[in-house]
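Bear in mind these aren't lab numbers, they're just calculated from the coordinates by the rules spelled out. Since the model is a prediction, treat every value here as computed from it, not as a measurement. Cβ coordinates were reconstructed from backbone atoms using ideal geometry, including for glycine residues, and neighbour counts include every protein chain displayed.
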Amino acid sequence: MSSSKDKLVIIGNGKIAKTLFHYMAQRFEVVCFAVEDSFILEEIIEGEVVDCSIEKAEKLFSGSQFLTCVGYGAMNQTRFRLHEKVLNETTLVPTNFLSAHAFAPFYVTNGYNNIILDNVTIHPGATLGSNNIIWSQSVISHGVNLGHNNWITAGAIISGECTLGNNNFIGAGAVIAHNITIGNSCYIGANALIDQNLGDNVVVVAEKSRYLPYDANRFMQIIE
């Protein structure tokens, strides 16, 4: 029995692709995990969905939609390279994924290969470029201009009127204050607070949590 869902080729077969598969399968009929030849595992990855070469995916599923589900290695450059390869060398068609449990105005993106997961909130007036992954629970506020190839990790908050360039990594729980500009290829660690503009290739990390020399049960007795 044929599916009424649009066919989707997932580019990638690593942990990120396997995780995102379960989201994508809610909206699409995922037909394969397509990778470069050296990464073919030659096994069924999820159910009856197999991995294969990008070339084979083109032959079998020409004209189908695709999403590049690759991590943030090399500051998102690997995902960008694979996306461009598929875009330029096949007839597969790029698309976007917006979780049914996220909120985003229909006009928020003019780009493609944006993956927006559950419980993300994107305010009216924000704009996205292409090839961004926005993980669960994040907030993209009004007036934010997000460029290309960024990775926004779970629970990050980008306050209103901010501008982010390309190829940035924003760690879990990080907060970017109002009206901040961030350049390209910046690494912002988990729980960091960004309250000033950043240029290109900047690294910001929050201080580590302190580990106290107490047994947890004894400590609870002290603070009670």
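A few notes on this one:
- Using θ = phi - 60° in the Karplus curve 6.51 cos²θ - 1.76 cosθ + 1.60, the 3J(HN,Hα) couplings for the stretch 148-159 round to 10, 6, 9, 10, 10, 7, 3, x, 6, 10, 10, 6 Hz; x is entered for Gly and Pro.
- Amide H to amide H distances under 5 Å link Lys7 with Glu29, Gln65, where only residues 5 or more positions off or on other chains count and H is placed in the peptide plane.
- Value of relative contact order over the stretch 7-95, rounded to a whole percent, pairs C-alpha under 8 Å and six or more apart: 31
- The stretch 32-108-the stretch 118-183 distance, computed between alpha-carbon centres (Å): 22
- A Förster distance of 41 Å, applied to the separation of the beta-carbon atoms of Phe103 and Asp215, puts the FRET efficiency at 0.40.
- Listed residues Thr78, Ser138, Val50: farthest to the positive end of the dipole of the chain (Cβ charges): Ser138
- Result for the chain in a Gaussian network model with C-alpha springs under 10 Å: among Ile116, Ile133, Ile194, the largest mean-square fluctuation is at Ile194.
- Relative contact order of the stretch 19-158, pairs being alpha-carbon contacts under 8 Å that are 6 or more residues apart, as %: 15
- Our helix-only sum for the chain, with -39,500 (n - 2.57) per DSSP H run of n ≥ 4 divided by its residues, gives a mean residue ellipticity at 222 nm of -5000 deg cm²/dmol.
- Comparing Thr95, Thr19, Thr181 in a Gaussian network model of the chain, where Cα atoms under 10 Å apart are tied by springs, the biggest mean-square fluctuation is seen for Thr19.
- Average projection, convex hull of the Cα set of the chain: 16.0 square nanometres.
- Contour minus Cα-Cα distance for Leu41 and Gln26 (0.36 nm per residue): 3.0 nm
- Ordered by the count of other Cβ atoms within 10 Å of each Cβ, fewest first, Phe106, Phe97, Phe219 give Phe106, Phe219, Phe97.
- Kyte-Doolittle at least -1.0, axis length at least 30 Å by Cα - qualifying DSSP helices, the chain: none
- Estimated distance in nm for a label pair at Lys59 and Thr91, the labels positioned 7 Å out from Cα along Cα-to-Cβ: 1.5
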